[in-house]
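Undergrad: Take a look at the following structure, please.
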Amino acid sequence: MSHDALPATVDVAVIGGGIWGAATAEALRRHHGASVAVLERRALSAATTSHGAALMPRARSTACLRAMVRETYACIAHFEAALGEGLGLHRNGALHVGVSDGTKAALRAQVEAARTEGDHVDWLDADAARAKVSWLTADPAWSFAFFPQDGFVDPYLLGSAYARAARAAGAGIHQGVTVTGLARAGDRVTGVETDRGAIACGAVVCAAGPWSGLVGLWAGARLPLAPVRSHYWITAPDEARFPRDQAMVFAPDGRFYSRPEVGGLLYGFRDRVCVAADPRVYPPDPRGFAFGHDDAGWDSLAEGLELFRPFWDGLGSEPVAHYISAASAYTPDGQFVIGPWPGIEGFIAVTGCSGAGIATSGGVGRAAAALAVGAEAPWDLSAFRPDRFGAVDPVDPAFLRRCADARANKRSG
Ligand SMILES: Cc1cc2nc3c(=O)[nH]c(=O)nc-3n(C[C@H](O)[C@H](O)[C@H](O)COP(=O)(O)OP(=O)(O)OC[C@H]3O[C@@H](n4cnc5c(N)ncnc54)[C@H](O)[C@@H]3O)c2cc1C
């Protein structure tokens, strides 16, 4: 843990050293030359980021999200060249399965958009789909779209790479520093207060993940997000059935995704009933946190396996070796929270990842950096306006419920 002295003044102070804070700092240095200090109370990427399944599919519902994911792949290539080492990117390809008419139509639209924007996508028949994923029950009536350039990454390595690149370019990366409040002059945020002293700055970026609602209140911003549980399971190793080069699978009709992991299969479901935590009690170290509903995840697993049965009923008999659960910051509409709060200057929210923050990190960091220095954002961020729900109360149980329901109802990025 570094305990280098904090600067007295910077252009931008970033609260949070998860993947979004680190990506913002890296983009601030690379694209704008701004001085920046990242303030992380624990260790880089130790909170939500290191728990991510880190699938990075390009198939997304909007041009902005697709551009953000492409920017992440560009960042990975940039870091691998600059650092001279790999970041654990596995380009296994993504197989999207459409069963219902609605899912097939959504998939057609995503494939068309991806091709128009230059991505390679193949429509596969059932035999070709099974050649990519041998365990899949591939019905000839289903649709199969394969994105060969897609992959998954080690989220901790990628989060660290943003931070390392930012530091190499001159950013201050400070771990073990808790931000305790904000300094204000009238309607302007002018700095941060920490347990190791104050820093004056031109802008504060709030990248505090599931805790961002509490940070927002310091500024007078009612940020619309809550910690909502995400979870996944990993089977015991069985490389014959789950080879390491097997494609990722996305089956919205089974509310299911999967990818290979350490010789087994990592898989998750979008639960019908999701659960949120009060950000005031969700602890800085989320490991082992009990959400107070189906804490070992067995009910969710049973429900998910039932829905998944048409895709492969063998999954239910695979022994489970690992269960991972942590909160992502979800919003009521499943869209990010990126931008200023009206009437408060010098405060930029970069949060509400809604379970997609690894895949989009490069683009989010680039957009946030532009906003923090008053430059034009590279994409249309209007869907992410922090005030789009009005002045919500981020600790109100009814509001937490809305955020949990958003995860339950989400079908694509
Ligand atoms: C189970 C699970 C599976 C997932 N799978 C995927 C996936 O397949 N693909 C994908 O793209 N995404 C996935 N995600 C989502 C992804 O992990 C998140 O979107 C991403 O990690 C969010 O990063 P962040 O920087 O916003 O938050 P965090 O990583 O939580 O970082 C926020 C940081 O702020 C710090 N902080 C908070 N308050 C303060 C303070 N007062 N002072 C100083 N520091 C503070 C915290 O300590 C923390 O380190 C998954 C998430 C989970 C939980």
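The values are calculated or read from the model by the stated rules, or taken from the named source; none is laboratory data. The shown structure was predicted, so the numbers you read here are calculated from the model rather than taken from an experiment. Cβ placement follows ideal geometry from the backbone for every residue including glycine, while neighbour counts extend to all protein chains displayed.
Undergrad: Given 53, 22, 46, which one is modelled with pLDDT of 95 or more, surrounded by 21 or more Cβ atoms within 10 Å (Cβ to Cβ) and not in a helix (DSSP H, G or I)?
TA: Residue meeting the stated conditions: 53.
Undergrad: Mind listing whichever residues of segment 25-43 are away from the ligand (no atom under 12 Å from the Cβ), of a type outside the set (A, V, I, L, M, F, W, C) and buried (at least 24 other Cβ atoms within 10 Å of the Cβ)?
TA: Correct list: 26 only.
Undergrad: Answer yes if at least one residue in segment 203-211 is more than 25 Å from residue 289 (Cα to Cα), β-branched (Val, Ile, Thr) and in contact with a Phe, Trp or Tyr (Cβ under 6 Å, 6 or more places away or on another chain), and no otherwise.
TA: yes
Undergrad: Could you give every pair whose Cβ atoms fall below 8 Å, whose first residue belongs to segment 12-28 and is farther than 15 Å from residue 74 by Cα, and whose second residue is part of a loop (DSSP other than H, G, I, E, B) and more than 9 Å from the ligand (Cβ to nearest atom), counting only separations of at least 6 or pairs across chains?
TA: Sorted first by the residue in segment 12-28, then by its partner, the pairs are 12/34; 12/35; 12/373; 25/171; 28/34; 28/171; 28/373.
Undergrad: Identify, from the list 339, 362, 297, 352, the residue that is in contact with a Phe, Trp or Tyr (Cβ under 9 Å, 6 or more places away or on another chain), more than 30 Å from residue 264 (Cα to Cα) and within 13 Å of the ligand (Cβ to nearest atom).
TA: 352
Undergrad: State whether one or more residues within segment 291-309 are part of a loop (DSSP other than H, G, I, E, B) and more than 27 Å from residue 47 (Cα to Cα).
TA: Checked against the condition, which is being part of a loop (DSSP other than H, G, I, E, B) and more than 27 Å from residue 47 (Cα to Cα), segment 291-309 yields at least one hit.
Undergrad: Assuming residue 406 fulfils every condition listed in (1) modelled with pLDDT of 95 or more; (2) within 21 Å of residue 279 (Cβ to Cβ); (3) surrounded by 15 or more Cβ atoms within 10 Å (Cβ to Cβ) apart from one, which condition is it?
TA: (1)
Undergrad: Hey, residue 231 hits all of (1) assigned to a loop (DSSP other than H, G, I, E, B); (2) within 11 Å of the ligand (Cβ to nearest atom) but one; which does it fall short on?
TA: Result: residue 231 passes all but (1).
Undergrad: On to the next question. Output the qualifying pairs, or none if there are none: Cβ atoms under 7 angstrom, residues six or more apart or on different chains, first residue in segment 33-49 and in the same structural domain as residue 354 (by TED's automatic domain parsing), second residue basic (Lys, Arg).
TA: Going by the 7 Å Cβ cut-off, the qualifying pairs are 36/29.
Undergrad: Residue by residue through segment 339-383, note down the ones that are surrounded by fewer than 24 Cβ atoms within 10 Å (Cβ to Cβ) and not in a loop (DSSP other than H, G, I, E, B).
TA: 339, 340, 345, 370, 371, 382, 383
Undergrad: For the condition aliphatic (A, V, I, L, M), surrounded by fewer than 23 Cβ atoms within 10 Å (Cβ to Cβ) and not in a strand (DSSP E or B), what is the one hit in 217, 266, 223?
TA: It is 217.
Undergrad: Given segment 91-162, what strands (runs of 3 or more DSSP E) lie entirely inside it while holding 3 or more residues that are within 16 Å of the ligand (Cβ to nearest atom)?
TA: Ranges flagged: 94-98.
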